[in-house]
Structure formats: C-alpha cells, structure tokens
Amino acid sequence: MRCAPTTAEIVPPGGRSFLPWLPAAVCLMLALLAGCGGPERTRREPEPRRPALALPTMRYAIQAGAFKNIDNAVRLTERLRTRRLAAYHFVDESGFYKVRIGNFAAREEAAETAERLKSERIIEEYFIVAPGDYAVARVEEGAEGPFRRELVRTAERFVGVPYRWGGDSTVAGFDCSGLTMAVYQLNGLNLPRTSGDQYAAGRPVELREIAEGDLVFFATRGGGKVSHVGIFIGGDRFLHAPGQGSRIQVASLASDYFRTRYLGARAYL
C-alpha cells in the first residue's frame with residue numbers, strides 16, 4: 001500500500017478530484033489501520049521462575065541393588081556407611097529395594113566412586129542419577145502441586161515396610177526421620193537426616209495451611225523437643241514410621257495421641 005496517492009488515483013471515473021492530497025497524519029493513521037505499520041512485535045512472556053526452595057537440591061548419586069528382601073538392602077547400606085558414604089535404601093514402584101549412594105558434585109566423581117565399589121565387589125550393576133532426573137527439576141513457579149503429589153506417592157510406597165532403627169547404634173533402616181529424608185532426597189531435595197535438623201530447615205506452616213508433602217513434628221518423649229516426624233498426605237492424615245516392631249503406616253493428626261504431642265509443621269517449597 002502506498003500512502004501518497006496521485007490525483008488520478010483518487011478521481012472517480014468521469015468526475016473531478018475530491019481529495020487532491022492526504023495529510024501526513026491521516027496517511028499514517030490509514031497505514032496503521034490497514035496493517036502497513038511494519039511487522040507486529042511479539043511480546044515475549046517472561047520465563048517461569050522456580051519457587052524459592054528451603055533446601056539445596058541433590059546433585060549426582062549412585063543407585064545400586066535390586067533386592068526382594070529388605071535385609072539385603074539394609075546390609076548393603078551398612079557396608080557403604082562403614083566406608084563413610086552417605087547411603088539409604090528405598091522401595092521403588094516395582095517393589096524392589098534399592099540403594100542410593102552419595103551426593104556428588106560431578107558425574108565423574110560419582111562414576112569413579114561407583115567403579116571403585118564395583119571393583120571391591122560391594123556393588124554390582126549401577127547407574128548414575130543426574131540432577132535433571134529428580135522430580136524437583138521439573139518444578140516451576142505455580143506448579144508445586146505435581147511435585148507435592150509425587151512426594152506423597154513416593155511416601156505411600158513405603159507403607160507396610162518394616163521399621164528399622166536408624167540411630168547412632170546402627171546405620172541401617174528407616175526410623176521416622178530416615179523415612180522423610182529418603183522421600184525428599186529421592187525427589188531431589190537434600191533434607192537433613194535427623195528430625196531436629198529437619199524441623200529447623202523448613203518454613204513454619206499453620207495447621208490449617210498444611211499441604212501435601214509438608215512434614216509434621218511431634219514431641220513424643222515430652223519436654224517440647226522434636227522427637228518424631230511424619231509426612232502429611234492430605235485430609236488429617238500423615239505417614240510415619242511409628243517405632244521398633246512396627247511397620248510404616250498412616251495415622252491421623254486428630255487422634256488424641258498425636259494431637260496432644262503436635263509441635264508444628266514445616267514446608268520446604
């Protein structure tokens with residue numbers, strides 16, 4: 001489209017010119033209305049930001065073992081811990097018990113450690129878990145819901161698994177805080193090992209605002225000091241490792257026992 005028509009172009013057939021010229025401002029307006037103001041500029045949407053996390057994210061880890069019997073996973077975990085390696089076992093979707101080892105800054109460091117353990121016949125086959133493999137790597141601002149549901153799904157796989165004391169006397173098994181640590185680390189957040197440290201690391205949450213995946217803490221030994229933790233799974237329910245001789249199970253925050261010993265909840269997203 002040209003914005004400076006000649007007189008001939010605007011003279012009707014057999015008539016005289018009624019618009020010998022167009023003022024520049026009117027020309028510009030017509031051009032813009034007609035779509036001649038140049039190519040449209042596409043407005044770029046800002047990149048989604050991840051929510052601020054209360055915990056550092058996991059780096060590279062080694063995964064080894066595939067046991068039907070939890071005792072074999074416990075024994076492997078013990079052997080690794082005696083070599084000053086951070087390790088915990090877990091049950092995956094297939095029902096097999098597997099072991100995660102370490103939190104290495106680089107893939108090369110994880111691979112070297114795995115090869116050394118393999119040469120010492122401590123582990124057999126393994127693979128390296130990368131930062132992008134964790135569920136937390138897919139969390140974006142405003143999209144916490146899927147990650148929280150993944151925390152709950154991970155926790156629910158442990159229902160019925162035997163409680164195994166994880167204190168200083170032996171490094172194996174799931175005590176209450178070992179369970180919550182495993183659930184979070186499996187999904188990419190480096191939750192500390194003890195219930196006291198877990199309590200200190202999170203953001204306080206009011207009881208009416210607890211969301212799936214938040215941790216709930218109790219003083220089960222009196223004195224107002226954290227001694228027990230579980231993971232909230234919705235409603236008034238939480239999942240926890242209750243004590244020696246028991247299996248990991250679901251309990252209610254509304255029960256007299258836990259209601260009177262409740263200390264607070266913590267969020268990490």
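The values are calculated or read from the model by the stated rules, or taken from the named source; none is laboratory data. Just so you know, these numbers come straight off a predicted model, no measurement behind them. Virtual Cβ from ideal backbone geometry, glycine too; neighbours counted across all protein chains shown. Surface accessibility is based on the protein's heavy atoms, side chains included, excluding ligands, DNA and RNA. Shrake-Rupley method; radii C 1.70, N 1.55, O 1.52, S 1.80 Å.
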Seminar exercise, completed: For H228, other-chain or 5+-apart residues with amide H closer than 5 Å (H placed, Pro excluded) are F218, T220
For this session: Sticking with the crude label model, points 7 Å out along Cα→Cβ, report the distance from R138 to D236 in nm, one decimal please.
Result: 3.4 nm
For this session: Note down the relative contact order for the range 53-163 as a percent, whole number, built from C-alpha pairs under 8 angstrom at least six residues apart.
Result: 31 percent
For this session: Please give, to one decimal in nm, the separation of the simple spin-label points placed at L85 and E209, each 7 Å out from Cα toward the Cβ.
Result: 4.2 nm
Seminar exercise, completed: Rounded to the nearest 10 Å², the accessible area of R148 using a 1.4 Å probe with every protein chain kept is 30 Å²
Seminar exercise, completed: Quick tally, 1.4 Å probe accessible area for V161, V205, sorted with the most first, runs V205, V161
